[in-house]
Structures are given as C-alpha cells and as structure tokens.
Amino acid sequence: MTGPEIHVEFAPELHLFVPRARPAGAVRAATDGVSTLGHLVESLGVPLTEVGTLLVDGREVPPGHIPAGGESVRVRPVRHPQRVPGAPLRFLLDVHLGTLARRLRLLGVDTAYESTDLGDPALAALSAAEKRVMLSRDRGLLRRRELWAGAFVYSTRPDEQLQEVLDRFRPALRPWTRCTACNGLLRTATKEEVAEQLKGGTRRSYDVFAQCTACGRAYWRGAHHEQLEAIVERAMSRGTQGG
C-alpha cells in the first residue's frame with residue numbers, strides 16, 4: 001500500500017536517469033514513512049553518486065532524511081570540481097572502460113583496472129578496501145552501499161570520457177610516469193636493461209627508455225608517440241593539472 005506522495009524535481013543534468021520524468025524533470029513519488037530520501041531518489045533511477053544537494057521545501061537535507069507527504073524535493077547534481085575527502089584521489093574502473101583507464105594512466109593518474117570482469121560485489125569491495133573512486137556506466141554497481149565513492153561516466157566516447165573525469169575531479173596530472181598496462185610507476189632505464197624486449201629496428205633507432213617498476217614493461221617514443229602526446233597536451237591545456 002502506497003503512502004502520501006511527494007513532488008521530486010531533478011536538475012536537467014540528471015534527466016537521463018529518470019525515464020518516467022516529465023519534460024520538466026519532475027515526478028510524483030509515494031512515501032512509506034520509513035524509506036530515506038536517498039533510497040527513494042535511487043529507486044527513481046538516479047545513483048546517489050550523481051547527487052550533489054537535496055533540497056526539501058528549500059532547505060538542504062541529508063540522504064537519510066525521511067520524506068513526508070506533501071514535501072517538494074529538488075535534486076541537484078554534483079558540483080565540479082568534486083572533492084573526495086578521506087584518501088588520496090585515485091580511481092577504479094570497470095571492465096568496459098579499458099581505454100579510459102589507459103589514458104588516465106598515461107596522464108599519471110593512479111587508476112586500477114582489470115581486463116577481466118571481476119563482478120560488481122568484488123569491484124565494490126575493492127573500491128572500499130583501497131579507497132578508490134569507482135568509475136562506471138553501470139548504475140547498479142554505483143548503487144552498491146559498500147562503494148568508497150563513485151561516479152557515472154556519461155559518454156561512450158573515450159575522448160569525452162577522459163575530459164569528463166578530468167573536469168569533475170581535477171586530478172593532479174603527471175604524464176609519462178605510470179605504466180599504461182599495469183598502473184605501476186615508471187623509471188628511467190638504459191637500453192641494456194630493456195634489451196630483451198627490443199626488436200632490431202627499435203634497438204637501432206631509440207636510445208631513451210623507461211621501465212615499469214612493477215611489471216618490467218619497457219617504454220620508448222615509438223610510432224604511436226605523437227598520438228599519445230596529443231592526448232597529454234589536450235589534457236594539460238585544459239588547465240586540469242590541479243591537486
């Protein structure tokens with residue numbers, strides 16, 4: 001049996017999560033006197049990771065607020081840049097965001113990622129254990145309570161995904177300092193140290209190398225360097241190298 005209704009209005013940025021919303025982004029929802037406002041908002045389709053401020057009749061309330069019939073709720077999006085207190089800013093990406101993971105690592109951003117699907121429970125547990133912000137397009141994953149923190153990735157295009165994350169969180173950028181394969185830190189290496197990974201042409205053509213301190217992978221300015229450098233230059237030119 002449903003209880004008294006409340007009026008819920010979502011900010012335009014959140015409309016994509018609410019298929020039942022009218023053009024103005026407003027819905028009427030029943031209350032039961034027990035469920036929290038945060039639970040109700042998520043039941044309407046919006047992960048709390050995307051909610052910045054909840055206003056009830058003009059006053060700010062926490063997600064734990066128990067709504068009463070007749071209240072008018074406004075749901076605002078997260079403000080940018082978003083601060084995540086309590087731990088150094090670092091990320092965990094699900095299996096569908098491999099290109100984004102490599103690009104964040106290219107920029108020196110601490111980014112955990114596995115190419116095999118660990119499953120939502122394991123990802124949420126890892127986010128909590130390592131205090132990493134979970135980035136995903138899976139709304140169900142982002143609604144898991146054990147997450148340390150999370151964010152929905154709105155675009156399906158890697159270039160736009162990268163800019164979304166940089167604009168939202170303003171991570172410190174330290175390009176060319178992390179392994180794009182495993183996230184380990186890079187160090188300068190001699191040709192002799194990485195010789196076994198080099199083919200004849202590479203051995204003859206290049207003299208400057210780096211090596212991952214975790215997995216041992218060697219790096220040099222090869223055929224794709226200009227493309228990677230363009231990604232780095234775009235990121236740095238947008239003024240996203242905050243701390």
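The values are calculated or read from the model by the stated rules, or taken from the named source; none is laboratory data. On a predicted model such as this, the values are computed, not experimentally measured, just so you know. Here the Cβ positions follow ideal geometry from the backbone for every residue, glycine too, while neighbour counts run over all protein chains shown. Keep in mind that these areas ignore ligands, DNA and RNA; they rest on the heavy atoms of the full protein, side chains included. Shrake-Rupley method; radii C 1.70, N 1.55, O 1.52, S 1.80 Å.
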(message) Out of Arg144, Arg139, I need the residue that is open to solvent by 20 Å² or more (accessible area, probe 1.4 Å), without any contact (Cβ under 8 Å) to a residue 40 or more places away in the chain and touching a Gly at 6+ places or on another chain (Cβ under 9 Å). Which one?
(response) Arg144
(message) If I ask for residues that are closer than 19 Å to Arg105 by Cβ and not in a strand (DSSP E or B), which ones from the range 177-193 would you list?
(response) Thr177, Cys179, Thr180, Ala181, Cys182, Asn183, Gly184
(request) Looking only at the range 148-185, count how many residues are surrounded by 18 or more Cβ atoms within 10 Å (Cβ to Cβ) and within 25 Å of Pro19 (Cα to Cα). (result) 9
(message) Being in contact (Cβ under 8 Å) with a residue 24 or more places away in the chain, among the hydrophobic types (A, V, I, L, M, F, W, C) and surrounded by 16 or more Cβ atoms within 10 Å (Cβ to Cβ) is true for just one of Val95, Val194. Which residue is that?
(response) Val194
(message) Filter the range 78-98 down to the residues that are farther than 15 Å from Arg168 by Cα and not in a strand (DSSP E or B) and list them by number.
(response) Gly86, Ala87, Pro88, Asp94, Val95, His96, Leu97, Gly98
(request) Name the residue, out of Arg90, Arg79, Arg74, that is within 22 Å of Leu123 (Cβ to Cβ), open to solvent by 20 Å² or more (accessible area, probe 1.4 Å) and in contact with a Ser or Thr (Cβ under 9 Å, 6 or more places away or on another chain). (result) Arg90
(request) Among the residues of the range 103-118, count how many are closer than 19 Å to Arg238 by Cβ, outside any loop (DSSP other than H, G, I, E, B) and of a type outside the set (Ser, Thr, Tyr). (result) 4
(request) Return yes when Leu14 is touching a His at 6+ places or on another chain (Cβ under 6 Å), open to solvent by less than 70 Å² (accessible area, probe 1.4 Å) and either of a type in the set (A, V, I, L, M) or under 22 Å from Leu141 (Cβ atoms) (or both) and no when it is not. (result) no
(request) Would you mind stating whether Thr49 is open to solvent by 20 Å² or more (accessible area, probe 1.4 Å), of a type in the set (Ser, Thr, Tyr), farther than 18 Å from Leu173 by Cβ and not in a helix (DSSP H, G or I)? (result) no
(message) Checking the condition free of Cβ contacts under 8 Å to residues at least 12 places away in the same chain and within 16 Å of Leu92 (Cβ to Cβ), which residue from Ala129, Ala125 passes?
(response) Ala129
(request) Would you mention how many residues in the range 119-148 are within 29 Å of Val232 (Cβ to Cβ) and out of contact with any Ser or Thr (no Cβ under 7 Å at 6 or more places or on another chain)? (result) 11
(message) Under 9 Å between Cβ atoms, which residue pairs at least 6 apart in sequence (or on different chains) link something in the range 57-71 that is more than 20 Å from Val46 (Cβ to Cβ) and among the hydrophobic types (A, V, I, L, M, F, W, C) with a partner that is open to solvent by 70 Å² or more (accessible area, probe 1.4 Å) and part of a loop (DSSP other than H, G, I, E, B)?
(response) Ala68/Pro4
